[in-house]
Each structure stands twice: as structure tokens, then as C-alpha cells.
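Below is one structure, written out as C-alpha cells; comments come after it.
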Amino acid sequence: MSNIQEVIKNKKTNLNPIWIMRQAGRYLPEFREIRKKNTDFIKLCLNSSLSAEITLQPLKRFDLDAAIIFSDILILPYGFKQKIEFKKNVGPILDDLNFDQASKITEEDFIDRVNPVYKAINLVKNNTLTKNKSTIGFVGAPWTLLVYVLNKQSPKVKLKENFFKDHSSIKQTLNIIEKFLKIHIKNQINNGAEVIQIFDSWAGLLEDKDFDFFIYNPTCSLVEFTKSLNVPVICFPKGIKNYKKYCEIVKPDAICIDYEVDPIKIEKEINIPVQGGMDPKILLTDKDNLKKEAIKYLDIFKDHPYIFNLGHGVLPETDPNMMDYLVKIVKDY
Ligand code: CP3
């Protein structure tokens, strides 16, 4: 069993495994080299051999405990034929979703479109670099995907004023998203994903009264589905206030925390395995500070099943030497 599985399944506290969200990405010069020649981001995600190569890049440099497959949460809308493009310095831009078209797409059609992702997982899983490590598959949470599908761009740029008004398209869209999320999770698992992480990057946008409908109900359904396939599931509801309540309702196998919550409070309140927390900006400071902050998290979770990670993705401006140092601190602890 890999260290990450030992922590999640057997609640081991002495292993301190580490992987990093966005560990395969722009802070690595070898990624930027490939990216320069592949200007269409979705096409790059759908190139199985390049996707596998990018996934393995951080494992060649650092002693990480997991490979997270190089793909994107927006491969899902691509799979149900919503047009999508990644604009430089803007982020993803989507076309209107065509409901009639999307509701006619079959499981086979969807799998045909995103099959290269599954092939990439297979390549990664069978590579010697992932021996004794975990291959992590992922999806966006229903709420975060709903935001992109209906808002058609990052809510960081702008959230439509009438976003919550159109109940019928919200309901229809959520149904489509939930259907294909299950298909996507199942196929990642069938092709070698041993852990699934659900990214709810925009959970922090919602008020308490909307949590049942947009977060708890649809996420519970996905968590139950993933557990029924005997694969552990980690949830990352970034920016929420009440992680304890979230864990009690959603019941993930492990919870990934963001950098705004107090890790001491989390350690006291939450009794499932915890992942992450440290602010990615710490990697932009200096080695002494990085060591101090990393040790802080390791000390707090010393007697708690804990997977080291950041409180959000590694920033593109991060120096790979700082990442190297971080991995060594965690391994030497
Ligand atoms: O973690 C990994 O190493 C695996 C790869 C991965 C990517 N995206 C690759 C990527 C993962 C797990 C994601 C998840 C993802 N994608 C999320 C959830 C996590 C989070 O960051 O909150 C979200 C919201 C997206 C959607 C998305 N993809 C946005 C908003 C953007 C543009 C903003 C940005 O960070 O550039 C992307 C692009 C993207 N996804 C890149 C990478 C490496 C950068 C693409 C580039 O090279 O230009």
C-alpha cells in the first residue's frame, strides 16, 4: 500500500507523505518548454503521451508520494461538447452550453471524447516512477463546474449578476454535470486512479443557506459513488468557513484544507485524515521561513493522519529549488 493510502485507510501518523496541488505545471521549466509548443491547452490535456510525461515531470525531480494526472476540471464540459478555450492571462472562456445537445450525449460519446485522459492515467500508473506511490485522479465538484459552465469564465473575473435567478437552467445543468462526473470518476478508476480528489475551488462563494442544494447534496452523491468503487476520496472545499460541518455531512475519506483556516482548530475539531493547508505564497519567501512554516504544519498534525500539501495550487512564479527544499523538509521530519 502507498503511504497516502496508509494515511487515509489505516490512519498512520508517522509517514508524512507529500504531494502538491498543481505539482505538474508552469513553475517547471520543462513544462513551459512543452507548453510553448502546444498552444491549445485542451489539446495538450488530450495528448496522452505528453500528459503522462508532464504528470511524471515533478516525480523525476522530487521525492513526492503521488502523481496527479495532468488534465483539468474543465475536460468535463469539453466532454459534453461545451466549447472551451484557455486565453493567456484571462483563463478559461466557454461558449453557451447547448442543453439539447448535451442531454443527448451518451456515455460512449463522452468516453470517446475524453479517452486520452484515461490512457494517460494508464501510462502513469504503469510507469516505474509511480511504483509504491499513488496515482491520483480528480474532478471538479458539481458546484465549481456549474460556476464555469453557466458563468462561462472564472468568477474571479466576474460572476453574472443574475447567476442564481435561472432555476431551470441551474437544475438542468447540474443534472448533466452529475451524470458525467460519475462516468468520469469511474473511468479514471478503471484505468488506474487509486485516489480521487474533488476540487471545489469556488465553495467559498456561497452563503450558508445555499450549501445544501449546491454543495452538500451533489457532493455527497459523488463521495458515496466513489466509495462504492472502493477508492478513497479527498474533498477540497476551498474557502468555506465550517470544515467540521462539511466533513460531518459529506463524509469524505480525507479533507484538504485551504490556507485561510486555522490548522490548530482543524486538528482539534476534525477526526478524519487531513491534507494541505500551508499558504503557497510561503514558497515565494526564503528557505528559513519555508522551513518554519512547514514544520509548523507537521508539528500541529504530528499525531493526526496527515498528508502534506499546500492550501491551494503551487504558484507559477515558484522557484523549483524551493519545492525541492520543501519536499526534503517533510521527508526529513
Ligand atoms: O495539480 C496538477 O498538477 C494537475 C493538473 C491540474 C490542472 N488544473 C492543470 C492546469 C489540476 C488538478 C487542475 C484543476 C483545476 N482547473 C481547478 C481546481 C483547482 C484550483 O486551482 O482551484 C480549476 C478551478 C481549474 C480551471 C482552470 N484551469 C483555470 C481557472 C485555469 C486558468 C488559470 C490558471 O491557473 O492558469 C486553468 C489552466 C490550467 N490548468 C493550467 C494548468 C497547468 C495552466 C495552463 C497554462 O499553462 O496556461
Tabulated pairs, the stretch 162-178, first farther than 18 Å from Thr219 by Cβ, second surrounded by 13 or more Cβ atoms within 10 Å (Cβ to Cβ), C-beta under 7 angstrom, 6+ apart or interchain: Phe163/Leu150; Phe163/Asn151; Ser169/Leu150; Gln172/Phe99
I need a count of the residues in the stretch 126-155 that are under 22 Å from Ala24 (Cβ atoms) and either in contact with a His (Cβ under 9 Å, 6 or more places away or on another chain) or surrounded by fewer than 19 Cβ atoms within 10 Å (Cβ to Cβ) (or both). 9
With the checklist (1) touching a Ser or Thr at 6+ places or on another chain (Cβ under 8 Å); (2) surrounded by fewer than 16 Cβ atoms within 10 Å (Cβ to Cβ); (3) at pLDDT 95 or above in hand, flag the one item Gly91 doesn't pass. (3)
Name the single residue that is surrounded by the fewest Cβ atoms within 10 Å (Cβ to Cβ) among those in the stretch 254-288 being within 20 Å of the chain's Cα centre (by Cα) and acidic (Asp, Glu). Glu260
If you go through the stretch 57-67, how many residues are within 10 Å of the ligand (Cβ to nearest atom) and surrounded by fewer than 24 Cβ atoms within 10 Å (Cβ to Cβ)? 1
Selected residue [of a type in the set (A, V, I, L, M, F, W, C) and under 26 Å from Gln57 (Cα atoms)] from Ile234, Ile240, Ile272, Ile266: Ile234
Return yes or no: is Glu85 within 14 Å of the ligand (Cβ to nearest atom), of a type in the set (D, E, K, R), touching a strand residue (DSSP E or B) at 6+ places or on another chain (Cβ under 6 Å) and modelled with pLDDT of 95 or more? yes
Mind checking whether some residue in the stretch 22-29 is assigned to a helix (DSSP H, G or I) and away from the ligand (no atom under 13 Å from the Cβ)? no
In the stretch 45-82, what count of residues is obtained for those that are farther than 26 Å from Asn3 by Cβ and in contact with a strand residue (DSSP E or B) (Cβ under 7 Å, 6 or more places away or on another chain)? 5
Condition broken by Ser49, with the remaining ones in (1) buried (at least 19 other Cβ atoms within 10 Å of the Cβ); (2) in contact with a helix residue (DSSP H, G or I) (Cβ under 8 Å, 6 or more places away or on another chain) satisfied: (1)
Name the residue that is farthest from the ligand (Cβ to nearest atom), counting only residues in the stretch 98-152 that are without any contact (Cβ under 8 Å) to a residue 24 or more places away in the chain and not in a helix (DSSP H, G or I). Thr106
Pairs under 7 Å by beta carbon, first residue farther than 18 Å from Ser169 by Cα in the stretch 202-215, partner among the charged types (D, E, K, R) and buried (at least 20 other Cβ atoms within 10 Å of the Cβ), six or more apart or different chains? Ala203/Lys238; Gly204/Lys238
Tell me, which strands (runs of 3 or more DSSP E) wholly within the stretch 173-288 include 1 or more residues that are closer than 17 Å to Leu146 by Cα, within 16 Å of the ligand (Cβ to nearest atom) and hydrophobic (A, V, I, L, M, F, W, C)? 195-199, 233-236
Which one of Ile54, Ile34, Ile73, Ile42 is part of a helix (DSSP H, G or I), near the ligand (Cβ under 9 Å from one of its atoms) and aliphatic (A, V, I, L, M)? Ile54
Are any residues in the stretch 230-253 hydrophobic (A, V, I, L, M, F, W, C), farther than 14 Å from His312 by Cβ and more than 13 Å from the chain's Cα centre (by Cα), and if so, which ones? Val231, Cys247, Ile249, Val250
Asp286: of a type in the set (Asp, Glu) and more than 18 Å from Asp63 (Cβ to Cβ), yes or no? yes
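The values are calculated or read from the model by the stated rules, or taken from the named source; none is laboratory data. Computed from a prediction, not measured in an experiment: that's the story for all the values here. Cβ sites come from the backbone with ideal geometry, for glycine too, and all protein chains shown count toward neighbours.
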